[in-house]
Amino acid sequence: MVQMEPKWLVLLVVILGLSWFGETQQGLIPGFYSSSCPKAEAIVSSTVVTHFKKDPTIAAGVLKLHFKDCFFQGCDGLVSEIDALTDTEIRGFGVIDDAKTQLETLCPGVVSCADILALAARDAVGLSGGPSWPVPTGRRDGRLSFGVSPENLTLPVPTDSIPVLREKFAAKGLNNHDLVTLIGAHTIGLTDCSSFEYRLYNFTAKGNADPTINQAFLAQLRALCPDVGGDVSKKGVPLDKDSQFKFDVSFFKNVRDGNGVLESDQRLFGDSETQRIVKNYAGNGKGLLGLRFYFEFPKAMIKMSSIGRREPTESFASLFYLLMVQMEPKWLVLLAVILSLFAETQQGLTSGFYSSSCPKAEATVRSTVETHFKQDPTIAAGVLRLHFQDCFVQGCDASILITEASGETDALPNAGLRGFDVIDDAKTQLEALCPGVVSCADILALAARDAVGLSGGPSWSVPTGRRDETNVSSSPDASNFPAPNDSIPVLRQKFADKGLNTNDLVTLVGAHTIGQTNCSVFQYRLYNFTTRGNADPTINPAFLAQLQALCPEGGNGSTRVALDTNSQTKFDVNFFKNVRDGNGVLESDQRLFGDSETRKIVRNYAGNGRGILGLRFYIEFPKAMIKMSSIGVKTGTQGEIRKTCSKSN
């Protein structure tokens with residue numbers, strides 16, 4: 001990264017900003033339902049997970065449904081009319097109807113079908129191993145325009161040439177880059193023989209095959225779709241050879257190698273401009289070029305999902321670019337480096353470790369966390385803390401889950417830990433589905449990621465492949481744990497001992513944005529801080545009065561108090577604003593603002609949530625979590641895969 005030209009650093013950072021943090025588009029905004037229907041996105045996500053677990057191919061159906069909807073009259077929930085007009089089968093209606101039914105019970109007349117569709121498409125991609133992103137919401141449902149007929153629909157079709165496709169996409173405000181990127185959704189797509197059979201036997205009415213098809217692949221397609229006696233309506237032919245259920249760059253590699261199923265897909269490699277983009281995306285999935293697709297796809301989806309009949313405003317790309325060109329090169333380098341972290345192997349771990357051995361593993365964990373979260377949103381903080389505490393003892397090996405003997409669970413800093421039932425629930429389901437395959441340590445790492453996402457925070461690809469510890473210390477060293485009264489130098493050393501730097505320290509402490517604690521943990525700050533009956537002078541006086549009301553002197557020390565005042569169940573940068581303003585609950589949290597190095601990071605994170613500084617926390621947190629969750633992991637033949645998370649085999 002440090003050798004790249006500034007213009008490319010700018011480009012990469014723009015990609016990053018657009019991919020993960022879609023700003024307002026056409027009057028849309030992420031979190032539109034945060035007040036009117038707070039559980040809206042969680043319900044849509046849970047519904048998609050339920051259907052996906054029954055049939056993983058439904059992900060492609062939902063994604064196609066959203067695409068077709070946006071290419072009709074704009075993203076307005078009228079896709080069912082396309083089905084009637086074109087007599088083409090589109091799947092996924094059941095998913096949207098299911099989510100809508102639940103939302104109408106919870107929040108009648110609030111959440112539009114168009115928004116449900118956009119959210120479901122995002123979740124379908126994530127469940128298939130692809131990226132996740134904040135979906136700008138606030139769409140309203142459309143009404144069918146009179147005079148619409150199959151003849152004047154401008155939907156892309158498999159026989160379209162690149163110039164025709166380019167024109168159809170341009171008519172919707174999408175450029176060449178968007179075209180190739182969105183077609184990349186075919187990585188999880190399926191089709192039937194009738195859509196491409198003409199390429200196999202009579203491409204130019206002379207009994208020949210399409211010469212752009214790789215000869216070995218041609219034989220495979222002919223076996224699937226024979227010329228004589230074959231079923232042209234045969235469904236389920238993957239558009240991405242050998243990687244049909246995984247959202248990855250394999251589709252572009254297949255197009256590059258002449259293994260495109262649809263004519264329009266293969267034609268991407270016959271046009272000089274689209275060929276260049278395909279080659280870039282077809283790079284090594286862990287290399288810079290291959291990663292580009294994972295960052296560009298959310299950007300293109302956000303852009304497509306704002307298609308409507310209104311004139312577009314100035315694009316977020318140009319606004320973000322203006323911010324970037326004014327930044328110092330060192331910050332561009334810092335932000336761009338993050339690109340290499342999202343699919344990177346960490347300590348022998350790799351994203352998608354269970355894609356073959358237990359394809360529904362991550363979806364099962366996510367569904368379980370959602371179920372518990374819907375019953376009690378505060379469980380998210382419990383699960384996140386459970387993972388953190390586990391990693392800080394013997395490494396991320398699920399030793400904290402062992403309850404059969406005195407050990408980590410009984411260590412003083414682990415008092416009051418919650419979330420064990422979430423992990424046990426997921427483990428029970430996974431043992432029924434894939435016995436002896438998925439480790440408790442991986443379940444814990446995945447559940448922590450999902451807990452953050454459900455609370456409104458970022459999502460990320462979790463490197464997996466951990467194995468569980470067999471020998472748990474009966475007397476773990478409690479001094480390893482960060483404590484609420486630790487000084488910054490002590491905290492810095494404890495984190496450094498685990499391979500984590502000062503930036504990681506502040507970033508991971510930011511998880512307190514959804515945390516809670518007992519009065520007994522910080523009450524000494526309120527009444528007798530220096531044994532002279534005084535309060536901690538770093539506490540904002542107005543906030544001190546609030547805390548003293550919650551925790552009166554001599555009162556019940558078990559009363560629960562939010563660590564992020566006024567934003568206790570939402571994963572955001574408000575925690576850092578509170579620390580900046582003297583509203584930190586724990587002494588160790590407030591001390592972050594008393595050290596020059598940590599104060600600088602707090603100030604950066606406390607920036608406007610839609611500004612570049614505020615956004616930095618959402619980018620850095622996944623990076624720090626991936627780093628932390630690889631501490632002392634066991635892989636390969638080390639450790640074991642527990643049958644029950646609370647005891648060794």
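Each Cα pair under 8 Å and six or more residues apart adds its sequence gap; the mean of these over the residue count of segment 162-286 is a relative contact order of 30 percent. Sorted from greatest to least, the principal axis extents spanned by the alpha carbons of segment 162-286 come out as 42, 32, 23 Å.
Taking amide H as placed 1.01 Å from N in the peptide plane, Phe32 has its amide H under 5 Å from the amide H of Thr137, each at least 5 places away in sequence or on another chain.
Residues Lys600, Lys494, Lys64 in ascending order of nearby Cβ atoms (within 10 Å, fewest first): Lys600, Lys494, Lys64.
Among Thr181, Gly258, Asn280, whose Cα lies farthest out toward the positive end of the dipole of segment 162-286, if unit charges sit on the beta carbon of Lys, Arg (+1) and Asp, Glu (-1)? Comparing the listed Cα positions along the dipole, Asn280 ranks first. Each residue in Asp123, Asp192 was given a count of other beta-carbon atoms within 10 angstrom of its own, and listing them fewest first yields Asp192, Asp123.
Would you work out the relative contact order for segment 560-649, in percent, from Cα pairs under 8 angstrom that are 6 or more residues apart? The value is 18 percent. The value of relative contact order for segment 350-478, using C-alpha pairs under 8 Å at least six residues apart, is 40 percent. For segment 483-628, the alpha-carbon coordinates run over 42, 33, 25 Å along the three principal axes, in decreasing order.
Proximity of backbone amide H atoms, modeled 1.01 Å from N, is registered between Thr464 and Thr350, Ser351, Gly352, Phe353 at under 5 Å, excluding neighbours fewer than 5 places apart on the same chain. Coupling constants for segment 296-302 follow from the phi torsions by the Karplus curve (6.51 cos²θ - 1.76 cosθ + 1.60, θ = phi - 60°), and in residue order they are 7, 4, x, 4, 5, 5, 4 Hz; glycine and proline get x.
Residues Leu430, Leu174, Leu454, Leu444 in ascending order of nearby Cβ atoms (within 10 Å, fewest first): Leu174, Leu430, Leu454, Leu444. The phi-based Karplus calculation (6.51 cos²θ - 1.76 cosθ + 1.60; θ = phi - 60°) puts the 3J(HN,Hα) values of segment 117-129 at 5, 5, 5, 5, 5, 4, 5, 5, 5, x, 5, 8, x Hz, whole numbers, x for Gly and Pro. For a straight C-alpha distance cut-off of 26 angstrom, the lysines reachable from Lys39 (same-chain residues fewer than eight places away being disregarded) are Lys53, Lys54, Lys64, Lys100, Lys299, Lys303, Lys360, Lys374, Lys427, Lys570, Lys577.
Every number in this text was worked out from the coordinates using simple rules, so none of it is lab data. A quick note: this is a predicted structure, and the numbers were derived from the prediction, not measured. So basically every Cβ, Gly included, is an ideal-geometry build from the backbone, and we count neighbours across all protein chains shown.
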